[in-house]
Amino acid sequence: MRIAAMQAAAGVLGVDENLARIECAAAAAVRAGADVLLTPELFACGYAPAAVAPQLNEDLARRIGAGAARIADRHRLALAYSAPSAAPEGWHISAVLLDRSGRELLRYNKVHLFGPEERSAFVPASQAPRSVLFDGLRLGLLICYDAEFPESMRALADAGTDVALVPAALAAGFEEVPSVLLRARALESQLAVAYGNHTGSAPAAGGRLEFGGGSIIIGP
């Protein structure tokens with residue numbers, strides 16, 4: 001299995017433009033022979049919790065889901081994307097894995113929210129991560145901060161997972177996450193980890209959040 005990790009800058013609430021960027025990445029991934037494309041955390045709406053929260057609604061979530069499904073189907077490529085999803089208690093940050101026809105194979109809601117701005121806009125989930133069989137390997141999902149916890153990666157390993165797909169929105173200044181922590185998680189749990197992060201910047205409390213890039217695919 002060949003995995004492509006998308007690393008790009010998203011526009012806040014620019015859903016159509018961001019989906020177009022994902023489609024460009026999908027086309028490039030297919031040309032490179034990839035079977036799966038991983039995109040960053042909340043890329044389709046932009047990672048800016050305070051700015052996005054007032055605009056969250058079912059129509060936004062449907063637009064993102066429908067657009068992602070079209071991209072997967074058009075390019076015959078499995079797609080792991082991240083978007084807000086509604087829950088009775090509020091909105092989750094979710095990750096979804098689609099097969100080559102755009103059919104949903106797996107959904108995961110973020111458990112470990114990072115920072116006061118994210119916690120003010122979204123609610124944490126509590127369900128353990130799961131995995132699903134795709135092209136002979138078991139793929140699982142985590143989201144950004146989740147992957148830094150040994151217990152989260154171990155839960156995937158205990159579920160028989162071969163590859164953890166991790167959409168991320170990691171700020172600059174935390175370069176030890178991809179360079180040290182994720183390598184440790186892969187080694188101790190003996191699974192592969194794919195981590196796709198944003199570049200550029202987005203509005204945040206007190207200024208702008210600069211993203212660190214550093215997307216990486218790590219063997220066990």
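In region 36-131, a dipole from Cβ-located charges (positive for Lys and Arg, negative for Asp and Glu) runs towards its positive end, and of 46, 92, 80 it is 80 whose Cα lies farthest in that direction. For region 1-134, a simple Cβ point-charge model (Lys and Arg +1, Asp and Glu -1, everything else neutral) yields a dipole of about 460 debye relative to the Cα centre. The peptide list 14-26, 184-196, put in order of mean Cβ contacts within 10 Å with the highest first, becomes 184-196, 14-26. Beta-bridge orientation, the chain: approximately 65 percent antiparallel, per DSSP, counting only bridges with both partners inside. Between the alpha-carbon centres of region 1-76 and region 124-195 there is a gap of 20 Å. Once the mean of 1/r is taken over each pair of separate Cα atoms and inverted, region 1-96 shows a Kirkwood hydrodynamic radius of 13.4 Å. Extension gain, residue 1-residue 100: 0.36 nm per intervening residue step, less the Cα-Cα distance, totals 34.3 nm.
Each of residue 62 and residue 181 was given a label point 7 Å from its Cα along the Cα-to-Cβ line. The distance between the two points is 3.7 nm. Write down Rg/Rh for the chain, rounded to two decimals, with Rg from the C-alpha atoms and Rh from the Kirkwood relation over Cα pairs. When Rh is taken as the Kirkwood radius, the ratio is 0.93. For region 1-79, the dipole from Cβ point charges (+1 on Lys and Arg, -1 on Asp and Glu) about the Cα centre works out to 280 debye, to the nearest 20.
Here the spin labels are modelled as points 7 Å beyond Cα on the Cα-Cβ line, and at residue 50 and residue 74 they lie 3.5 nm apart.
Entry note, region 1-62: relative contact order of 45 percent, from Cα contacts under 8 Å with a spacing of 6+ residues. So for the chain, averaging the separation of alpha carbon pairs under 8 Å that are six or more residues apart and normalising by length, what relative contact order in percent results? With pairs under 8 Å counted, the relative contact order is 20 percent. Between residue 31 and residue 174, full extension at 0.36 nm per residue minus the direct alpha carbon distance yields a gain of 48.3 nm. Taking every protein chain into account, the 1.4 Å probe leaves residue 174 with about 90 Å² of accessible area, to the nearest ten. Helix-only arithmetic for the chain: the sum of -39500 (n - 2.57) across DSSP H runs with n ≥ 4, divided by the residue total, places the mean residue ellipticity at 222 nm at -8500 deg cm²/dmol. Projecting label points 7 angstrom from Cα along Cα→Cβ for residue 120 and residue 89 puts them 2.0 nm apart.
The values are calculated or read from the model by the stated rules, or taken from the named source; none is laboratory data. Small disclaimer: the values here were computed from a predicted structure and weren't measured. Note that we place each Cβ from the backbone using ideal geometry, even for glycine, and neighbour counts take in every protein chain shown. We work out accessible area using only protein heavy atoms, side chains counted, and drop any ligands, DNA or RNA first. Shrake-Rupley method; radii C 1.70, N 1.55, O 1.52, S 1.80 Å.
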